Structures are given as C-alpha cells and as structure tokens.
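This report concerns only the one structure given below.
The values are calculated or read from the model by the stated rules, or taken from the named source; none is laboratory data. Keep in mind the model is a prediction, meaning the values are calculated, not measured. FYI the Cβ positions are ideal-geometry reconstructions off the backbone, even for glycines, and counts take in every protein chain you see.
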Amino acid sequence: MENSTSTWLILGALVALVAALWPDAGLFAQLRRWRELRRRELFEDALKHIFAWEQRAQNATPESLAGGLAISQSRVLRLITGMEAKGLIQSLAAGLRLTSQGRRLALQVVRAHRLWERYLADDAGMPMARLHRVAEKAEHQLSAENLDALDAHLGHPERDPHGDPIPRSDGSLAEVEAVALTDWPLDHPARVAHIEDEPDVIFQQILAAGFRPGSVLRILENTPERLVISDGEGEHRLAHVVATNIQVAAVAPQRERPAGVKRLSDLAVGAEAEIVELDSLCRGFSRRRLLDLGLTGNTKIEAALENTFGDPRAFRVRGTLIALRKEQADHVWVKVKTHDGAPAAVSPAAAAANSTMDITGEQPQ
C-alpha cells in the first residue's frame, strides 16, 4: 500500500512538472508571455516619454527616462540598448531621439491613450481626475484595428479631454498653438486649450479650481508670487508652478448662426421647428442617444408638452413623443417655423436669456 501511494505521488509530481514545462500552456510559457508583455509595455512607455520631450522641443535623457519610468539606471541602459538594436531610437550626445519607426510606434501608443481617455470621459462618464491612470493601462492592449474601430465609434474626435490633439490613423498630429497661462497678457480673455495632467498634485489643484479645456479666463493680476484669475463667476489665486501647466489661446470668434436658429430648449409649447444640427459639445454616448431618438438633420420636431416642474419636456418627433431634459435639448439646434411671416415662437425663459452668452460662448440669436 505504501509503495502504491509513493508511486502515485511520483506520477503526480511528473504530471505537474510536464504541465509546467508544456511549451504553449505551461507555467513557464505563461511566465515567458508575461515577461514579453512587460518588456513591450516598457518599450512603449519609453517611446511615449521620448516623444513627450520632443514635443517640448527637448531631448529626453537616460536620467529623465529612469525618473519617468521609475526604474534603475542599470535597467535604463539595458532598455536603451535594446531599443537601439530594434531601430527605435538613437542615442546621441544631446540625448535620446526617436527614429521614424520609433515615432510611428510612439504615435500609436499616444493615439491609444488619448482615444481611450476620450472614451472614458464621453461614454463612461469618468471624472477627469481618473482618466490618465486608467488609460495608462489600457493603451498597451489596443491594436491598430481596435484603435480605428474606437476612433469611428467616438466620431473621430480631434482632441482628448485634456485638450491634447489625438494622432490620426495616418500618423499625422495637429499642432497645439497655445502658450502658458503665465505668459498671457493681463485683462485679455483666454481660452484654456490644454491642461497638463502631470504631476498629479498640480493637476488636482487645476481641476479643483474648475478649469477645463474651453474655459474662458482673464488674468487680473500677475505678480512673482501668484496669478489672480477670473473665470467670469469668481476669482482664483494660482501659484506660477500651477498656472504654467495651463496652456491658453485666443478666444475664437463667435459662430454666427442664421436668424431663426434656436436651441430646442427655447422652443415654446406648440411651436414647430426643423432640426439643423447637434451641438459640437455633444459627444459620445449622449450624441448617439439623441441620434437614436431620431434627432437628425432636417427632421421636423414639435414642443408638445410643458412640465410643471420645468424638466423634462415632451417633444414630438416622427410621430412619437419623447422626453428630453433641458441639458439634452440645449444640444439640439433647430430652425423655427413661422407662419405668414410671424416671428418665431420661443419660450419665456429663452426670451429672458437672449442677451446672455450660452455654454459654447455663442450669443443666442
């Protein structure tokens, strides 16, 4: 009995050893795949780091690479040697530079990161404070085909939630024409074009102030100690090290809309209109939801029912009643129908708001 038990134990150990050494599915094979994946992620993170420095017209160095990737100097040297052997980078006296092949791969990683951030913000509704870290993990798992599909799903967005341009599928990248907020002249309106998401402690201060790409700011005071900034609703005091991470540009001229074009939320009960377009600020799931409800160009729509409490309101589209909240109806631009030359009907709230600026910075008609 004892010999039989020993035999089975030996056989079990042999089976376990064979399973561990099995070429395609064993433990060693899994470990090998994990190491290959980790090595590829490290290469891609390094390419993205060097690319980010080149975007600032600077050369990355072994020291910056070690700090950015949180690895030792000896490991950085092995990493650089491996990347040079693959023709991805050049190690020069001035620093590290991407080759054409390295830049192509770097742009694919950057594209994956920024598209995934756009998806998380628009479809998943994730707060900006969490986007970067989650996208850092997902960017290594998306193939070129996955990226094209995600790009189409999102409607080919041009910028990520931080204001960075998203690389196109052909490898081209739009330029960011903006300067640091600290360099902007006093008392001139500026549009936030980009917010740097690193270091995280500074990024959190910017978000806490309520600044986002598209926000319009005005510098009231600029001293060596701080900047005093107005966003139209209140004043904020930022240290220079924080304000430097906000890039701004001139406020774009207001878009002139044809006479009679209003927001759907301004349509009075009983009035009819024709849909012109959805606002460009309406993206991702929210945009697809409105399109699924039939709110497409040239479609006739009627404000059918008012709500005692204001929200939501009922609209008739294609013979069906749908309910829309004001924030949804704000994204729908319509051409109001008139009868016998009579002025277009608008809601009482819209009449009172006609002299104020809307969310896009455009003057309602």
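Which residues, counting only those in the stretch 177-192, are under 19 Å from the mean Cα position of the chain (by Cα) and within 20 Å of G234 (Cα to Cα)? Walk me through how you get there before you give the answer.
If we filter the stretch 177-192 for residues that are under 19 Å from the mean Cα position of the chain (by Cα), which is where we start, we get 177-178, 191-192.
Result: R191, V192.
Yes/no per residue for (1) buried (at least 21 other Cβ atoms within 10 Å of the Cβ); (2) in contact with a Lys or Arg (Cβ under 8 Å, 6 or more places away or on another chain); (3) not assigned by TED's automatic domain parsing to the domain that holds A193:
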| position | (1), (2), (3) |
| --- | --- |
| A94 | no, no, yes |
| V110 | yes, yes, yes |
| A124 | no, no, yes |
| L131 | yes, no, yes |
| A144 | no, no, yes |
| P165 | no, yes, yes |
| L173 | no, no, yes |
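Does I246 meet the test of being under 13 Å from D183 (Cα atoms), crowded, with 16+ Cβ neighbours inside 10 Å and touching a residue at least 60 places away in the same chain (Cβ under 8 Å)? Quick ask: steps written out before the conclusion?
Values: under 13 Å from D183 (Cα atoms): yes; crowded, with 16+ Cβ neighbours inside 10 Å: yes; touching a residue at least 60 places away in the same chain (Cβ under 8 Å): yes.
So I246 fits the description; yes.
For E306, indicate whether it is surrounded by 14 or more Cβ atoms within 10 Å (Cβ to Cβ), more than 30 Å from L150 (Cβ to Cβ) and of a type in the set (D, E).
Working: surrounded by 14 or more Cβ atoms within 10 Å (Cβ to Cβ): no; more than 30 Å from L150 (Cβ to Cβ): yes; of a type in the set (D, E): yes.
Spelling it out, it is not the case that E306 is surrounded by 14 or more Cβ atoms within 10 Å (Cβ to Cβ), more than 30 Å from L150 (Cβ to Cβ) and of a type in the set (D, E).
State yes or no: is P185 surrounded by fewer than 12 Cβ atoms within 10 Å (Cβ to Cβ) and within 13 Å of N245 (Cβ to Cβ)?
Working: surrounded by fewer than 12 Cβ atoms within 10 Å (Cβ to Cβ): yes; within 13 Å of N245 (Cβ to Cβ): no.
When the stated conditions are applied, P185 does not pass them.
Filter the stretch 278-303 down to the residues that are part of a strand (DSSP E or B), of a type outside the set (V, I, T) and crowded, with 16+ Cβ neighbours inside 10 Å and list them by number. Please lay out each step first, then the result.
Just the residues of the stretch 278-303 that are part of a strand (DSSP E or B), to begin with: 278, 300-303.
Going one step further and asking which of them are of a type outside the set (V, I, T), we end up with 278, 300, 302-303.
Passing the criteria: L278, E302, A303.
Name the pairs: first residue in the stretch 192-216 and on the phi > 0 side of the Ramachandran plot, second residue part of a loop (DSSP other than H, G, I, E, B) and modelled with pLDDT of 90 or more, Cβ to Cβ under 7 Å, at least 6 apart or on different chains?
From residues that are on the phi > 0 side of the Ramachandran plot, the pairs are G210/D231.
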